[in-house]
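No value in this document is a laboratory result; all are computed from the given coordinates. Everything numeric here is computed off the predicted structure, so don't read it as measured data. Cβ placement follows ideal geometry from the backbone for every residue including glycine, while neighbour counts extend to all protein chains displayed.
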Amino acid sequence: MDIKKLKEKLNKKVHPAWVWVLAVVMGLFSFISFNVLFEPSFIPAPIIDISKKIVGSILGDQDIDIVDSNDGGANNQNNYSQNDSNQDISVDTSNWKTYENKELGFSIKYPNDWAEYKKSESSISFSSAKDMLILKEEELNSVDTGNPYFFGKLISIGRFAIEPNKTIRDYASDLLSIESEGYIKDFETVNNLSGLYIYDQGPNRYGGGIGEYYMFLLDNFIYKISFDHEMLSEKVDENLSSIVKNFALNFKKY
């Protein structure tokens, strides 16, 4: 074999343009997929957000959209609010009680057959009266065995001070599990208070559980309404999901 002629032949060989185009497209696709799947810390957040928007537009899945971290979600066009008919389950709140907490600075409404479960300096939780005994038993069992419990019937509201250089969206993102198919959307109360809705498919740090959260920023404090569905549950409890949504819809500053 004439090595010299072979080298000349290889040097003269020109790859078709489509090969280079395909290589660029595949490289770009790999980069976008990597950003969406792993959200690496060394990639700027805006680039990750754009990657998710691209994938969302391709798949037709608007749930991938992430709100802008600089406006607290005010400009997201996919608002999750009282006007979302596909998310609403009719709940009559006319006989709901009003709870006001002067120390924490908020007011909400809760079902007539629900009551306060626990209260601390920075949070309070509610449960239906019929679930109180089961909750207490589960909690005692957790203390005895050291195992976590997620009975999935508890709605809690907590407040904490926002840290310097952090946004409400940063805190919302922290709630999403690493392997979760969750998302963040805008939310607006009946009193026109803007916030965020966070859906976390799980698994959480204990290995299961779907989580739904609502966040509001008031006077440099983050208010978080939390609801963890029953441990290992693969489906949303639509009734309880609607109840916690109405907790959030009626949330306001006290």
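Remarks
- Using the Cβ-Cβ distance between Val236 and Ser30 with R0 set to 45 Å, the FRET efficiency works out to roughly 0.85.
- The fewest-to-most ranking of Val244, Val236 by surrounding Cβ atoms within 10 Å reads Val236, Val244.
- Other-chain or far-sequence residues with amide H under 5 Å of Lys97's (modelled H): Tyr110, Asn112
- Two-site label geometry, Glu163 and Lys97: point separation in nm, points 7 Å out along Cα→Cβ: 3.6
- Spacing of the modelled spin labels on Asp174 and Ser125, each 7 Å from Cα toward Cβ, amounts to 2.0 nm.
- Cross-link pairs Lys136/Lys253; Lys119/Lys153; Lys109/Lys136; Lys97/Lys136; Lys136/Lys185; Lys185/Lys235 - those with Cα-Cα distance over 28 Å: Lys136/Lys253; Lys136/Lys185
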